[in-house]
1. Asp89: surrounded by 12 or more Cβ atoms within 10 Å (Cβ to Cβ) and either among the acidic types (Asp, Glu) or touching a helix residue (DSSP H, G or I) at 6+ places or on another chain (Cβ under 6 Å) (or both), yes or no?
2. Out of everything in the stretch 137-186 that is of a type in the set (Lys, Arg) and within 21 Å of Val269 (Cβ to Cβ), what residue ends up being most open to solvent (accessible area, probe 1.4 Å)?
3. Within the stretch 279-315, take every residue that is small (Gly, Ala, Ser) and farther than 27 Å from Asp257 by Cα and give me the one that is surrounded by the fewest Cβ atoms within 10 Å (Cβ to Cβ).
4. Identify, by number, the condition in (1) in contact with a Phe, Trp or Tyr (Cβ under 8 Å, 6 or more places away or on another chain); (2) over 18 Å from Leu226 (Cβ atoms); (3) open to solvent by less than 20 Å² (accessible area, probe 1.4 Å); (4) modelled with pLDDT under 95 that Ala38 doesn't meet.
5. Taking Leu196, is it modelled with pLDDT of 95 or more and either among the polar types (S, T, N, Q) or assigned to a loop (DSSP other than H, G, I, E, B) (or both)?
6. Would you check if there is a residue in the stretch 204-225 being of a type in the set (Lys, Arg) and assigned to a strand (DSSP E or B)?
7. Within the stretch 187-208, which residues are open to solvent by 10 Å² or more (accessible area, probe 1.4 Å) and closer than 29 Å to Arg151 by Cα?
Amino acid sequence: MTDSVRTVGGADRDGGNSTSANGISASGSGASGNGGPAEDPRGWALPRAVALGDLGPLAEPISEHNGQAVAVRPLTDHPGWLAKLYRSDLHPEDARRIDLLISAPDKLPQADRAALYAETCWPAARIHGPDNPAVGCVIPMAPEQYRAELRRGKFSERRFVEIDWLAKSDESIRGVGLPGPGLEGRLAACRRLTQLAAILEALELVYSDWSFSNAFWSPERRSVYLIDVDGCQPKKMPDLHQPNWADPLTPPGTDADQYTDRYRLGLLVAKCLTGHRDARAFHTVAESLRQAQPAVCEVLLDMLLATDRERRPAAAQLNQALNNGPYLRAAPRPTRSPLPELPPVLAAPPVLPVRSVPSEVPVSPQPADTGTTGATQKPAAASHAAWIFVIVLAAILLVIIVAANH
């Protein structure tokens, strides 16, 4: 037990002291002193519900048929803003849910609200139509700092850098022209990621979609940008299944909740910190990270391996550990399942035996369908020629003898 990992009796199951009794971060007070909506610092003061026709012309889609959206289209008259248009089969209560999300930052202290607006595509307005209260929502476009020129051989492409690059080695990252993050760069990005997760959890919102494809990463600024946050739901939501991200303690067919989020967040952070995508991430956390970051190691192992899903540490506890704070763990410590088995080491291809050929016998390549090797064909051909020579020589001698007798 190190000084940075402490077990305390009588502590809240989520541990730490970063949340107040109502679940909101206690780092400050809400910014709206008069009880009205807090100011949105993103530069466009639009109503929180707006008709589709009032947004002006829409540009060609930059994304189509992705999840709950049929299209994401830039607003021609408002650079930097997008209209995310939903499928028509969404439930009517989605309008209330989107309104809840739009107003949620009003409850936050100023620092948390600023982080939510700066590092997520938090919805700014609900789009409604004549017969549909939830046509979509207005969201900001991810900042340009999250794009980079990625090299692919002789070619390069400027594109958003997804956070899954952190789940690769520094060598691989440098190979496409990005700076290698090292452990410090990985820790910095994971601090930002877990701060956002802690804010969502303080708002009692379930994200469910923690994975490689839903966050961008800026290597230079060591920051992250979370997308698709308009899909968050209060308390619980249908589990968004993705291969390799399934929570072993959330049965298939049941809803995702804050404990599902904690597992997936821990898995994402473990992969980004270690540069591994499979079970090696678990083992690297348990072995290598224990020396450098003991509190982070313990929080992650409890998030990923606790046999009681309700004993998984909160996102705020992981963020605190990543910021060199202690891990205040309630007693008794949670029991853990074993580390998953490591993937098998790829065996070297078998070395096929090579038949020994005497150096004095030359071997020439032969057609594959001859059924014999060059080494066996050549002696047979030589023997056949010798017999022909003997017969011809005998015939000549016979002719000479006959001529002489006459």
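The values are calculated or read from the model by the stated rules, or taken from the named source; none is laboratory data. Because the structure is a prediction, the values reported are computed rather than measured. Cβ coordinates were reconstructed from backbone atoms using ideal geometry, including for glycine residues, and neighbour counts include every protein chain displayed. Please note that ligands, DNA and RNA were not included when accessible areas were found on the heavy atoms of the full protein model with its side chains. Shrake-Rupley method; radii C 1.70, N 1.55, O 1.52, S 1.80 Å.
1. no
2. Taking the stretch 137-186 first, the residues of a type in the set (Lys, Arg) are 147, 151-152, 154, 158-159, 168, 174, 186.
Checking which are within 21 Å of Val269 (Cβ to Cβ) leaves us with 168, 186.
Working: Lys168: 58, Arg186: 12 Å².
If we take residues in the stretch 137-186 being of a type in the set (Lys, Arg) and within 21 Å of Val269 (Cβ to Cβ), then Lys168 is most open to solvent (accessible area, probe 1.4 Å).
3. Checked the stretch 279-315; the qualifying residue surrounded by the fewest Cβ atoms within 10 Å (Cβ to Cβ) is Ala292.
4. Just one mismatch for Ala38, condition (1).
5. Taking the combined requirement at face value, the residue does not satisfy it.
6. no
7. Across the stretch 187-208, the qualifying residues are Ala188, Arg191, Arg192.
Quick grid of which residues meet (1) within 26 Å of Ser63 (Cβ to Cβ); (2) modelled with pLDDT of 95 or more; (3) not assigned by TED's automatic domain parsing to the domain that holds Glu93:
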{"position": "Ser218", "(1), (2), (3)": "yes, yes, yes"}
{"position": "Ser223", "(1), (2), (3)": "yes, yes, yes"}
{"position": "Gln242", "(1), (2), (3)": "yes, no, yes"}
{"position": "Gly253", "(1), (2), (3)": "no, no, yes"}
{"position": "Thr260", "(1), (2), (3)": "yes, yes, yes"}
{"position": "Gly266", "(1), (2), (3)": "no, yes, yes"}
{"position": "Gln291", "(1), (2), (3)": "no, no, yes"}
{"position": "Asp302", "(1), (2), (3)": "no, yes, yes"}
